[in-house]
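K.L.:
To start, I am sharing the structure in question, which I have written as structure tokens.
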Amino acid sequence: MKHALSFYSNKKVFITGHTGFKGSWLCKILLCLGAKIIGYSLSPPTNPNLYDIINLQNNIQSIIADVRDINRLSKAIKTASPDIVFHLAAQPIVRESFNDPVLTYDTNVMGTVNLLESSRKVNCIGSIVNVTTDKVYENKEWQRGYREDENLCGFDPYSNSKSCSELVTYSYKETFFNETDSPAVSTARSGNVIGGGDFAKDRIIPDCIRAAAKNEKILVRNPQSIRPYQHVLDTLFGYLILAKMQYEDKSIADCYNFGPNENDCITTKELVELFCGMWGDDLSWESTQQYSPPEASFLKLDCTKAKTMLNWEPKIDIVTAVEYTVDLNKVWIEGMDVEECMDNQIGFIANKYSVK
């Protein structure tokens, strides 16, 4: 069997935000695929963090720096001379964006400007994927999933800054990356990813893990909210497929949704109950009246475009996604081999993309 993503073997891949949760998983997948990785990011945002747990710094070239520093970023990209760029660096927490909107806009908007400006000065890049969010859309509480041609107008500073990042990407693509030898440029919009090794604050699964580790009740802010929860590997393989395919055929470069299937969009209450059942130890939850900034109560993505154009589809249903998340976090808590557990989970998805 030949792996469909063997394309990445010996490719030089530049990743911003490589020390974060999604960035660490992306690095691990690419290492399994034989890529040469150059990471550019601030230090890991939490302690503990997946980046340090699996000692990623020993296996990649890691540059600890800020995407807001365009001179440092430009030098790093020029020196790396990568084939492919993934832009994940961001201020990713909705609640934090209310506390510090200036930092959020500076990082998420100008960080995108700096990445694209730096990339257009390097001739070797063939593919750029800017990772945004499902929250870029003007949320009208529709029951159906949002499509890529819907209006972009995120409400809170985080979501809005990501909408702006989308518009910046569109402008650069149309203005500076419009020649036949220019890099292919796309944006990837994914839902609420879950998985082992996420320790961020104000995210439901990390909150569950922290409560479980202390044998405390899980406090849930918005139990009836519906979100496109999805395992992190599903979205990351989507990004990898997109970057590969547009590298080979620039005409497919565009914006794409990567979310779960319709029947895997569940309420936060259902997600937490799945988690409690799989964790065991009589773990339970309760609704909290703690203040939280306004959030959409209903959010889904229509992923028809990615399924049709990229032949991508989710491989992990929500039950398996929670199971994988519980398994890896228990491995970490018990002091066992987290990297081996990640390899096994990556291998399961990778086999789904194998071809003869």
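K.L.:
Consider residue 41 carefully, then state whether it is under 17 Å from the mean Cα position of the chain (by Cα) and closer than 24 Å to residue 203 by Cα.
P.N.:
yes
K.L.:
Can you tell me how many residues within the stretch 201-231 are touching a helix residue (DSSP H, G or I) at 6+ places or on another chain (Cβ under 7 Å) and part of a helix (DSSP H, G or I)?
P.N.:
6
K.L.:
While we're here: Restricting to the stretch 91-150, and then to whatever is touching a Lys or Arg at 6+ places or on another chain (Cβ under 9 Å), part of a helix (DSSP H, G or I) and charged (D, E, K, R), can you tell me which residue is modelled with the lowest pLDDT?
P.N.:
95
K.L.:
Pick out the one residue from 234, 198 that is in a helix (DSSP H, G or I), under 19 Å from residue 319 (Cβ atoms), in contact with a Phe, Trp or Tyr (Cβ under 9 Å, 6 or more places away or on another chain) and acidic (Asp, Glu).
P.N.:
234
Matching residues to (1) farther than 18 Å from residue 50 by Cα; (2) of a type outside the set (Val, Ile, Thr):
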| position | (1), (2) |
| --- | --- |
| 154 | yes, yes |
| 185 | yes, no |
| 191 | yes, yes |
| 195 | no, yes |
| 210 | no, yes |
| 215 | yes, yes |
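K.L.:
Could you tell me which of the residues 300, 330, 305 is surrounded by 15 or more Cβ atoms within 10 Å (Cβ to Cβ), at pLDDT 95 or above and over 26 Å from residue 214 (Cα atoms)? Please lay out each step first, then the result.
P.N.:
Numbers: 300 fails: at pLDDT 95 or above; 330 fails: over 26 Å from residue 214 (Cα atoms).
Only one candidate passes the filter, namely 305.
K.L.:
From 270, 286, 262, which residue is without any contact (Cβ under 8 Å) to a residue 12 or more places away in the chain, among the acidic types (Asp, Glu) and surrounded by fewer than 21 Cβ atoms within 10 Å (Cβ to Cβ)?
P.N.:
None of the others qualify; the one that does is 270.
K.L.:
Any residue in the stretch 125-152 that is of a type in the set (S, T, N, Q) sitting within a Cβ distance under 7 Å of a residue that is part of a loop (DSSP other than H, G, I, E, B)? List the pairs, counting only those 6 or more apart or interchain.
P.N.:
Partner pairs satisfying both residue conditions: 127/183; 139/155; 139/296; 139/299; 151/138.
The values are calculated or read from the model by the stated rules, or taken from the named source; none is laboratory data. In this text, all values refer to a predicted model and were calculated from it rather than measured experimentally. Positions of Cβ are generated from backbone atoms using ideal geometry, with glycine treated the same way; all protein chains shown enter the neighbour counts.
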